[in-house]
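The values are calculated or read from the model by the stated rules, or taken from the named source; none is laboratory data. Predicted model, so just to flag it, every value in this text is computed and none were measured. Note that we place each Cβ from the backbone using ideal geometry, even for glycine, and neighbour counts take in every protein chain shown.
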């Protein structure tokens, strides 16, 4: 191993091969569920160096764990406990290589922090629409490796939909130069999308060409009270029809989720909180290419129709940006309010939008029968069919004991229900090391067989992130 | 072989195994460049039957050529000359399985004709936005297998972007049931996008779940004269900014292309034809979620700004639907007018939008030096960076002789120029059997190596469409 470390030092420079001191930031996952031990953390500064590192590791038979901001939620970017894996950190490769305004694209290195990318786009007068809670720390390479979602998927899609081309280092240490800014290219298999979402198991993304969008002239936010989840789904259809591609956000929140915000952040004014005629509230965002006045008029036309149809019982439209931020802030405070209330069992699931009301009704009932008094913190990106369907201990229960004793059973019940409704047990967060078993249980054996054949074909030595996504 | 034919008859019924009579529709490609000979044309009526046919062929070592409407332009869906391949026609599998309005999705079988799918969507009040010249004959399975483009890619993307899930029969005759209507699903590798665009070489698409969109309230078309291609690119940027996602079409046409329309279809009124201050015209389409009045006001605001900036010298906005159709009809008549003028050498290329003016200037000059008097029929989907950059014989030349003598040299010059500008030599039409050599020449060896590893991994017997995309 000393040989390999010497070679790595020769490639990236000794100060960029970390073997001592506190490596927690590289060895522990974001949610502190797992702590591994790396042979070394290697920080290359160029694609050439990444390729050289991979080749040296391949010769030595040492596996690599690619890592961006290490903010993933499925333990996919930290080393195992063996002390034999190299963590390959892309953080030093953070340049914005080229912003092409006329082509509406930007080419960036994998280690570029999402927020830096958003800012570079904005400075040039464009929008880069990927936005998520970890944007100050996560990197675009990690976003691509996990196909991250976020708050504007209903309009702009997941990270996959924002990418036009990739530069990738293969498990053999070759460089595939595919950072094309082309919007049409039918020359062979779609290697780009195969790499995206493969969580560093098929190749190491070193750079990417991403789409830019025109900056909207105005963004307006509304908050509506709906008599049921069914009505929320109908409201979504109306919003698509009235706002077209202006609809950039559609979030649903159950009253129990909102009550936790009211309880733990009493300074926050939550519209229609506790309104018994409205078990759910919806946050809508309208991004308009024309003007704030036009955005407001469209919202008003939508709300008028929604009232008429009985889809909403009440609504407010933010008067200004401050109010808009306040409404989003309520939505974003739900996870924190949950944490204040005590640990809970989290799920990141998706179901066809049309089937969500039936799924929630039947799964709520199932859980109540299994654990009387259990509380459902139900909220999420209804526009994408993506719910954070979280299960909290009964009001008088001990949340730590609840998590310890009930997590496996609750997960079983919820994931079986998701499967019954044709949904996905991991809508946004991926598989990592955390959900390898669940993938084996819930994915079709035919799909798993194809995945294994692809992994074997591209990485026969199983050198890239072994044991993640698929069992080693 | 009699054994195999008997087995196939037992699976799909004797009337659905064609071996005699005129099989031209199955054996000859759309543009009549190639005529093969099939062992049999097999027409299964269900996914189960497709799987059984594949297994029977695999045991016999007989390869299969999947076929939809057989309208492809790269000879990808007809058998070779050996008389030993089975053509698997999906045309009988043409059902619309389920249209889910609230989820804005439709699940259809592969053999459903594109126009039938458009009509089913429209009947339910939704838009299925894929639209291309062959829509009356091509099938959605073929559109997916080739990742077809069309006229509205600038807003809705290619076929890939419209697909949420697939049902696929593998080369081993297994069924992967993946017709999910989920907009978010991060559970493993992106097998869907790997299958899309693989031209029937990795699996047989038997059904798909496609996205629907709200029907626009109004669609308006404009026609503008621009002083240069550079100005057309600037106009595109303004159109994105002023119309946002309302911009559903942006086509550019050179004056020589338009002059052919004027010459061969004198009844057609072509705005700004022959205007010497405007070497190019642009057709813009604005799809508005509000009203025709609003669409018109937005177009006027855009045109005012474009005049001010000197991007356009003149413009007309269609007064009504008839005028809009007339403007589109001019654009769509260019290929016919070309054919009237005589054979030419066609290219379906893409370049980053920002680099198109420089590409055209340098490649025009290159071709003029090589073949003095050569005429360039330049038009295409500028919004997607996709040009139909076609090369016509000098005015006094014999077009047949030109095609025979110059095609290889002209292709060489054009494709090398495309490569120099980082473009693609096949933007929309794919590889098929026609461009296997060009793929080997222009694709990165690393990408080709990954493609071969994937093909070997998924289809080790090389039973699906051998020799297409990759050499057998």
For the stretch A:192-211 the number of residues that are at the interface with chain B (Cβ under 7 Å from one of its Cβ atoms), surrounded by 24 or more Cβ atoms within 10 Å (Cβ to Cβ) and either free of Cβ contacts under 8 Å to residues at least 60 places away in the same chain or in a strand (DSSP E or B) (or both) is 1
Residues that are on the phi > 0 side of the Ramachandran plot and loosely packed, with under 15 Cβ neighbours inside 10 Å: does the stretch B:364-377 have at least one? yes
With respect to residue A:466, is the statement that it is more than 8 Å from every other protein chain (Cβ to nearest Cβ), on the phi < 0 side of the Ramachandran plot and surrounded by fewer than 17 Cβ atoms within 10 Å (Cβ to Cβ) true? no
Those residues of the stretch B:217-248 which are over 14 Å from residue B:313 (Cα atoms) and at the interface with chain A (Cβ under 8 Å from one of its Cβ atoms) amount to B:233, B:236, B:237, B:240, B:241, B:242, B:243, B:244, B:245, B:246
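Mind telling me which of the residues B:247, B:302, B:283 ends up being within 18 Å of residue A:245 (Cα to Cα) and not assigned by TED's automatic domain parsing to the domain that holds residue B:132?
Of B:247, B:302, B:283, the one residue that is within 18 Å of residue A:245 (Cα to Cα) and not assigned by TED's automatic domain parsing to the domain that holds residue B:132 is B:247.
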Looking only at residues that are within 14 Å of residue A:69 (Cβ to Cβ) and assigned to a helix (DSSP H, G or I) in the stretch A:119-148, which one is nearest to the other protein chains (Cβ to nearest Cβ)? A:146
So for the stretch A:352-361 (the condition being buried (at least 19 other Cβ atoms within 10 Å of the Cβ), in contact (Cβ under 8 Å) with a residue 12 or more places away in the chain, outside any helix (DSSP H, G or I) and more than 14 Å from chain B (Cβ to nearest Cβ)), does at least one residue qualify? no
Of everything in the stretch B:48-65, what is buried (at least 20 other Cβ atoms within 10 Å of the Cβ) and part of a helix (DSSP H, G or I)? Give them in sequence order. B:49, B:50, B:51, B:53, B:54, B:56, B:57
Going by the conditions given, is residue A:63 within 27 Å of the chain's Cα centre (by Cα) and under 27 Å from residue A:181 (Cα atoms)? no
Residue in the stretch B:88-106 that is farthest from residue B:182 (Cα to Cα), counting only those that are part of a strand (DSSP E or B) and within 14 Å of another protein chain (Cβ to nearest Cβ): B:97
Would you be able to tell me the number of residues in the stretch B:7-24 that are loosely packed, with under 13 Cβ neighbours inside 10 Å and either touching a residue at least 12 places away in the same chain (Cβ under 8 Å) or in a helix (DSSP H, G or I) (or both)? 4
Lone unmet requirement of (1) in contact (Cβ under 8 Å) with a residue 40 or more places away in the chain; (2) under 21 Å from residue A:129 (Cα atoms); (3) surrounded by fewer than 23 Cβ atoms within 10 Å (Cβ to Cβ) for residue A:240: (1)
How many of the residues making up the stretch A:386-409 are away from chain B (no Cβ under 14 Å) and surrounded by 21 or more Cβ atoms within 10 Å (Cβ to Cβ)? 5
Condition first: surrounded by 14 or more Cβ atoms within 10 Å (Cβ to Cβ) and farther than 22 Å from residue A:269 by Cα. Now tell me which residues in the stretch A:302-338 satisfy that. A:302, A:305, A:306, A:307, A:311
Pick from the stretch A:433-446 the residues that are part of a loop (DSSP other than H, G, I, E, B) and facing chain B (nearest Cβ under 7 Å): which of them is farthest from residue A:470 (Cα to Cα)? A:444
With respect to residue B:225, determine if the residue is touching a strand residue (DSSP E or B) at 6+ places or on another chain (Cβ under 7 Å), modelled with pLDDT of 95 or more, over 19 Å from residue B:153 (Cβ atoms) and outside the structural domain of residue B:139 (by TED's automatic domain parsing). yes
From B:171, B:214, residue being within 23 Å of residue B:125 (Cβ to Cβ), in contact with a helix residue (DSSP H, G or I) (Cβ under 7 Å, 6 or more places away or on another chain) and either at pLDDT 95 or above or within 8 Å of chain A (Cβ to nearest Cβ) (or both): B:214
Testing residue B:415 on (1) within 20 Å of the chain's Cα centre (by Cα); (2) more than 12 Å from chain A (Cβ to nearest Cβ); (3) in a helix (DSSP H, G or I), one condition comes back false. Which one is that? (2)
Among residues belonging to the stretch B:418-432 that are more than 16 Å from the chain's Cα centre (by Cα) and crowded, with 20+ Cβ neighbours inside 10 Å, point out the one that is farthest from the other protein chains (Cβ to nearest Cβ). B:418
Of A:288, A:314, A:348, A:364, which residue is under 23 Å from residue A:260 (Cα atoms) and within 12 Å of chain B (Cβ to nearest Cβ)? A:348
Looking at the stretch B:157-180, which of its residues are under 17 Å from residue B:115 (Cα atoms) and either touching a strand residue (DSSP E or B) at 6+ places or on another chain (Cβ under 8 Å) or not assigned by TED's automatic domain parsing to the domain that holds residue B:111 (or both)? B:162, B:163
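Kindly provide the set of residues from the stretch B:284-312 that are assigned to a loop (DSSP other than H, G, I, E, B) and in contact with a helix residue (DSSP H, G or I) (Cβ under 8 Å, 6 or more places away or on another chain), ordered by number.
In the first step, residues of the stretch B:284-312 are kept if they are assigned to a loop (DSSP other than H, G, I, E, B); the result is B:289-291, B:309-312.
Hits for the stretch B:284-312 are B:289, B:290, B:309, B:310, B:311, B:312.
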For residue B:440, which of the numbered conditions (1) at pLDDT below 95; (2) loosely packed, with under 15 Cβ neighbours inside 10 Å fails to hold? (1)
